[in-house]
Amino acid sequence: MKDFRSKDTWRVFRIMGEFVEGFETLQSVQPAISIFGGVRIGKRNKYYRMASRIAELLAGAGYSIITGGGPGIMEAANQGAQRGGGKSIGLCIRLLDGEPPNRYLDTQLTFDYFFARKVMFVKYACAYVVLPGGFGTMDEVFEAMTLIQTNRIKDFPIVLVGKSFWQGMIAWMRRTMLKEGTIRTSDLDLITLTDDPEEVCRIITTCHDKKLLATR
């Protein structure tokens, strides 16, 4: 006999549970920055060191750091968050062949559903910092850009770190997407490209301070 809990109607309750747990756990972490990047980037890679330094600077400036909780860039960012004295948060995803969570997490949540996890990344962040990564990293970048473009969320900084990695994609967007009229010039203004950890922190804090002033 099929387990009644496997039915789609009961799956709704499991999804609701992930949202409730996420909202209750993360409501006190703001202001926070979501940092993304590849799981395959090792400790000797320059981007690992950059992610750690960026997270340290942002944590020192009073921001919590949210990552996917895994290895690579995520581990580097969580490590930097702890070194900078900030909250280090990992939103892990349960996969059959997934890596274990990294050891630099103060708060850990584990999700079965990617879309519930992605809501937490964007809901509790006042900026995205994105270092080189794979399909998952690209997914987070373009979803955030789409949500801002369509006014589903408030505009916030999306900072791409690693000029040599991202420049080809941006050039293609200008040469092909913009030329074909599938995006506007203003859409490209949603992202900022840099190699400087200090500039990342400066961009985010300046934007955040302006928004705080605007709400007073």
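The values are calculated or read from the model by the stated rules, or taken from the named source; none is laboratory data. Just so we're clear, the structure is a prediction, and the values are computed from it rather than from any experiment. Because the Cβ atoms are built from the backbone with ideal geometry, glycine has one as well, and the counts that use them run over all protein chains shown.
Structure above, values below:
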| item | result |
| --- | --- |
| Test: residue in region 168-175 that is in a loop (DSSP other than H, G, I, E, B) and without any contact (Cβ under 8 Å) to a residue 12 or more places away in the chain | no |
| Residue check for Ala51: in contact (Cβ under 8 Å) with a residue 60 or more places away in the chain, under 14 Å from Ser88 (Cβ atoms) and either in a helix (DSSP H, G or I) or not basic (Lys, Arg) (or both) | yes |
| Options Ala77, Ala55; residue that is buried (at least 24 other Cβ atoms within 10 Å of the Cβ), over 17 Å from Gly134 (Cβ atoms) and in contact with a strand residue (DSSP E or B) (Cβ under 8 Å, 6 or more places away or on another chain) | Ala55 |
| Among the candidates Thr110, Thr146, residue that is under 17 Å from the mean Cα position of the chain (by Cα), closer than 21 Å to Ser88 by Cα and among the hydroxyl-bearing types (Ser, Thr, Tyr) | Thr110 |
| From Ser186, Ser164, residue being modelled with pLDDT of 95 or more and of a type outside the set (Lys, Arg) | Ser164 |
| Options Ala59, Ala77, Ala81: the member that is within 13 Å of the chain's Cα centre (by Cα), outside any strand (DSSP E or B) and closer than 26 Å to Trp166 by Cβ | Ala77 |
| Of residues in region 84-100 being modelled with pLDDT of 95 or more and either part of a loop (DSSP other than H, G, I, E, B) or on the phi > 0 side of the Ramachandran plot (or both), the one surrounded by the most Cβ atoms within 10 Å (Cβ to Cβ) | Gly86 |
| Breaking point among (1) crowded, with 17+ Cβ neighbours inside 10 Å; (2) of a type outside the set (Asp, Glu); (3) modelled with pLDDT of 95 or more, for Met138 | (1) |
| Residue ID - surrounded by the fewest Cβ atoms within 10 Å (Cβ to Cβ), chosen from residues in region 60-74 that are in contact (Cβ under 8 Å) with a residue 60 or more places away in the chain and among the hydrophobic types (A, V, I, L, M, F, W, C) | Ala61 |
| Selection within region 161-184 - in contact with a Ser or Thr (Cβ under 9 Å, 6 or more places away or on another chain) and loosely packed, with under 11 Cβ neighbours inside 10 Å | Thr182 |
| Test result for Asp187, part of a helix (DSSP H, G or I), surrounded by 12 or more Cβ atoms within 10 Å (Cβ to Cβ), at negative phi and out of contact with any strand residue (DSSP E or B) (no Cβ under 7 Å at 6 or more places or on another chain) | yes |
| Residue selected from region 101-118 under the condition surrounded by fewer than 17 Cβ atoms within 10 Å (Cβ to Cβ) and touching a residue at least 60 places away in the same chain (Cβ under 8 Å), by the criterion nearest to Ala51 (Cα to Cα) | Thr107 |
| Residue count, region 33-46 (criterion: outside any loop (DSSP other than H, G, I, E, B) and surrounded by fewer than 22 Cβ atoms within 10 Å (Cβ to Cβ)) | 1 |
| Residue count for region 2-32, restricted to those that are of a type in the set (Gly, Ala, Ser) and surrounded by fewer than 16 Cβ atoms within 10 Å (Cβ to Cβ) | 3 |
